[in-house]
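Engineer: If you scroll down you'll find the structure; I have some questions about it.
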Amino acid sequence: HDDVFINQDRKLEARRRPARVRTFASQTESSRSEHEKEVQKFDALSSSWWRDDKDPLLLMNSVRIPLLQSLAREIDIPDPQILDVGCGGGYLAEELAKRRFDVTAIDPSEDMIRIATKHAEKYPGELDLRYQSATVEEVTDQFDIVVSSEVVEHVPCVTTFVSQCAERVRPGGGLMFTTINRTVQSWLFGIMIAEHIAGLVPPGTHEYHKLVPPHTLTGAIADCGFDVVAVTGLSFNPLTRQWSTSSDLSINYAVTAIKRDFEDDADIEDEHESQ
């Protein structure tokens, strides 16, 4: 098979090749304009990455990494290949690579990719990590795990984005999103206080109407042929600068899911029919 990311032999030279991408115009004019607006917004923030080791998004690795490790155990695939969609300056991708995961990380912002690549150069030859400036719809390979953290609340269409991420997951593989719920609490603490009072994130980072309730996200994931494993609340304490997991989904939360193997489903149906 000529698709190196479906090669079960997992040859080293194949694993280190960049994900293949294609370009095409599938977005409407309005969604393309909205997408470009978001890219420009984060381009303007690119210089702030890796400058503050107390950045809440960087500190979020303390809860994101364990959730991904748990998902990797759930799918039970040795040395899973991970696609990080909307990687920004590389906070999550680089830490995953340090944990010996094989990571491909993409972001539509070329400025972000330059920042991420430059920082990873501090570890020459140590990381199995590839960065590419691309959108998820341009990726033609599949991966064992696809993760998109703090991205879905910025996309023009949640269901389309979830579907595009889901298509990049191999059968039996895992999918994880982290995002912000659309509640009074998220407006007060996630936008008004975090952005405009405490300065934890730059003003204008989030737009309330684009925040995503858990039922919307889990529904879109299930519609793509996934079983949702867990919906986990993520809480940030601005005084201690620490993240923790909880059952509170009112602000930040994570969703992990596993793609059903339709061949296994067909085998089960055949068994039932033969009985």
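The values are calculated or read from the model by the stated rules, or taken from the named source; none is laboratory data. Note that the structure is a prediction, hence the values are computed from the model and not measured. For neighbour counting, all protein chains shown are included, and Cβ atoms are generated from backbone atoms with ideal geometry for every residue, glycine included. Surface areas here come from the heavy atoms of the whole protein model, side chains and all, with no ligands, DNA or RNA. Shrake-Rupley method; radii C 1.70, N 1.55, O 1.52, S 1.80 Å.
Engineer: Given the structure, is Ser47 modelled with pLDDT under 95 and open to solvent by less than 10 Å² (accessible area, probe 1.4 Å)?
Structural biologist: So Ser47 does not fit the description; no.
Engineer: Looking only at the stretch 180-234, which residues are of a type in the set (Phe, Trp, Tyr) and in contact with a Phe, Trp or Tyr (Cβ under 8 Å, 6 or more places away or on another chain)?
Structural biologist: Scanning the stretch 180-234 gives Trp187, Tyr208.
Engineer: Additional query: Of the conditions (1) assigned to a loop (DSSP other than H, G, I, E, B); (2) modelled with pLDDT of 70 or more, Thr23 clears all except one; give me its number.
Structural biologist: (2)
Engineer: Shifting gears a bit: Suppose we filter the stretch 108-132 for residues that are surrounded by fewer than 17 Cβ atoms within 10 Å (Cβ to Cβ) and of a type outside the set (D, E, K, R); how many remain?
Structural biologist: 4
Engineer: Follow-up question, since we're still on this one. How many residues are modelled with pLDDT of 95 or more and either under 26 Å from Asp53 (Cβ atoms) or not in a strand (DSSP E or B) (or both) if we restrict to the stretch 241-270?
Structural biologist: Looking only at that region, the number is 14.
Engineer: With (1) closer than 15 Å to Val146 by Cα; (2) assigned to a helix (DSSP H, G or I); (3) polar (S, T, N, Q) as the list, and Thr216 as the residue in question, which single condition is left unmet?
Structural biologist: (1)
Engineer: Turning to a different aspect of this structure: For the structure I just gave you, tell me whether Val228 is among the aliphatic types (A, V, I, L, M), in a strand (DSSP E or B) and either out of contact with any Leu (no Cβ under 9 Å at 6 or more places or on another chain) or in contact (Cβ under 8 Å) with a residue 12 or more places away in the chain (or both).
Structural biologist: Answer is yes for this residue.
Engineer: If you scan the stretch 141-151, which residues turn out to be closer than 17 Å to Gly173 by Cα and outside any strand (DSSP E or B)?
Structural biologist: Asp141, Gln142
Engineer: Also, quick follow-up: Considering (1) of a type outside the set (A, V, I, L, M, F, W, C); (2) farther than 22 Å from Leu96 by Cβ; (3) open to solvent by 10 Å² or more (accessible area, probe 1.4 Å); (4) free of Cβ contacts under 8 Å to residues at least 60 places away in the same chain, say which one Glu195 fails and leave the rest.
Structural biologist: (3)
Here's the yes/no breakdown for (1) over 22 Å from Val63 (Cβ atoms); (2) outside any helix (DSSP H, G or I); (3) open to solvent by 10 Å² or more (accessible area, probe 1.4 Å):
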residue: Val162; (1), (2), (3): no, no, no
residue: Ala166; (1), (2), (3): yes, no, no
residue: Gln185; (1), (2), (3): no, no, yes
residue: Gly190; (1), (2), (3): no, no, yes
residue: His206; (1), (2), (3): no, yes, yes
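Engineer: Restricting the first residue to the stretch 56-83 and requiring it to be under 15 Å from Trp243 (Cα atoms), which pairs with a second residue that is of a type in the set (Lys, Arg) meet a Cβ separation below 8 Å and a spacing of at least six or different chains?
Structural biologist: Going by the 8 Å Cβ cut-off, the qualifying pairs are Pro56/Arg241; Leu59/Arg241; Ile65/Arg99.
Engineer: Quick one: Gln142 ticks every box in (1) open to solvent by 10 Å² or more (accessible area, probe 1.4 Å); (2) out of contact with any Lys or Arg (no Cβ under 9 Å at 6 or more places or on another chain) bar one, so which box is it?
Structural biologist: Only one criterion in (1) open to solvent by 10 Å² or more (accessible area, probe 1.4 Å); (2) out of contact with any Lys or Arg (no Cβ under 9 Å at 6 or more places or on another chain) is unmet by Gln142, namely (2).
Engineer: Residues in the stretch 53-61: is at least one in a helix (DSSP H, G or I), farther than 23 Å from Leu175 by Cα and modelled with pLDDT under 95?
Structural biologist: no
Engineer: Do we find a residue being at pLDDT 95 or above, farther than 25 Å from Ile82 by Cβ and either charged (D, E, K, R) or in contact with a Leu (Cβ under 9 Å, 6 or more places away or on another chain) (or both) anywhere in the stretch 182-203?
Structural biologist: Yes: one or more hits.
Engineer: Name the pairs whose Cβ atoms lie under 6 Å apart, with the first residue in the stretch 125-140 and assigned to a helix (DSSP H, G or I), the second surrounded by 17 or more Cβ atoms within 10 Å (Cβ to Cβ) and of a type outside the set (Val, Ile, Thr), and 6 or more positions between them or separate chains?
Structural biologist: From residues that are assigned to a helix (DSSP H, G or I), the pairs are Val136/Gln164; Val136/Cys165; Glu137/Gln164.
Engineer: Follow-up question, since we're still on this one. Is it fair to say Val147 is in contact with a Ser or Thr (Cβ under 6 Å, 6 or more places away or on another chain) and of a type in the set (Val, Ile, Thr)?
Structural biologist: The answer is no for Val147.
Engineer: If we keep just the residues of the stretch 72-107 that are touching a helix residue (DSSP H, G or I) at 6+ places or on another chain (Cβ under 8 Å) and in a helix (DSSP H, G or I), which is most open to solvent (accessible area, probe 1.4 Å)?
Structural biologist: My answer is Glu95.
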